[in-house]
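Q: Structure below; questions to follow.
The values are calculated or read from the model by the stated rules, or taken from the named source; none is laboratory data. What you see is a predicted model, and the numbers here were worked out from it, not measured in a lab. Please note: Cβ atoms are built from the backbone with ideal geometry, for glycine as well, and neighbour counts cover all protein chains shown. To get the accessible areas, we keep the full protein, side chains included, count just its heavy atoms, and leave off ligands, DNA and RNA. Shrake-Rupley method; radii C 1.70, N 1.55, O 1.52, S 1.80 Å.
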Amino acid sequence: QVQLVESGGDLVQPGGSLRLSCAVSGIIFSTYDAGWYRQRPGKQRELVAVVTSGGITKYTDSVKGRFTITRDNAKNTVHLQMNSLKPEDTAVYYCNAKQLLHNYWGQGTQVTVSS
């Protein structure tokens, strides 16, 4: 059974930081691309950042320089360090693991950026 379990979402003030974590089980994690997506209120789910199985990282323009995605294949985890948070970063953040025909999602964790 494949499981992706996110943690770390919280309420934070603008300018603050959060670190999201995703624990993955049931797959050979090192062979999957791992990513973070978010769904903001009234918007479609969008890609935030991805780290490929080969370690290449990509970010959506709005988070470049503020967010950092990392993976630990030994611990089957992927993290998203989020700094300089803005109110527009408020969203449910989802962990994703993808490999050709296989695409798995976590249940999501809420991040709220507000004073």
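Q: Accessible area per residue of the chain at 1.4 Å probe, in Å²?
A: Numbers: 6140 Å² over 115 residues.
Counting only protein heavy atoms, the per-residue value for the chain is 53 Å².
Q: Then there's this: In sequence order, what are the phi-derived ³J(HN,Hα) couplings for segment 63-77 according to the Karplus relation 6.51 cos²θ - 1.76 cosθ + 1.60 with θ = phi - 60°, rounded to whole Hz, with x for glycine and proline?
A: Result, ordered by residue: 10, 4, x, 10, 10, 9, 9, 9, 9, 10, 5, 5, 9, 6, 10 Hz.
Q: Now for a separate question. Given the options Val12, Val50, Val24, state which has the largest fluctuation in a GNM of the chain using a 10 Å cut-off (strictly under) for Cα springs.
A: Comparing Val12, Val50, Val24 in the GNM, the peak value goes to Val12.
Q: Could you check how much of the accessible area of the chain is carbon and sulfur, as a whole percent, using a 1.4 Å probe?
A: Details: 2990 of 6140 Å².
That fraction is 49 percent.
Q: Using only the Cα atoms, what convex hull volume per residue in Å³ does the chain have? Don't jump to the answer; show the numbers that get you there.
A: Values: hull volume 10.9 nm³, N = 115.
Enclosed volume per residue, from the Cα hull, is 95 Å³.
Q: Let me ask you something else. When Lys and Arg each count +1 and Asp and Glu each count -1, what net charge do the other residues less than 15 Å away from Arg66, Cβ to Cβ, add up to? It would help to have the intermediate numbers written out before the result.
A: Values: positive: Arg19, Arg38, Lys58, Lys64, Lys86; negative: Asp61, Glu88, Asp89.
Within the 15 Å Cβ shell, the charges total +2.
Q: Placing +1 on the Cβ of each Lys and Arg and -1 on the Cβ of each Asp and Glu in the chain, which of Met82, Ser115, Val63 has its Cα farthest towards the positive end of the resulting dipole?
A: About the Cα centre, the residue reaching furthest to the positive side is Val63.
Q: Would you calculate the convex hull of the Cα atoms in segment 25-73 and tell me its volume per residue in Å³? All intermediate terms of the calculation are to be shown ahead of the outcome.
A: Working: hull volume 4.6 nm³, N = 49.
It comes to 93 Å³ per residue, whole-number rounded.
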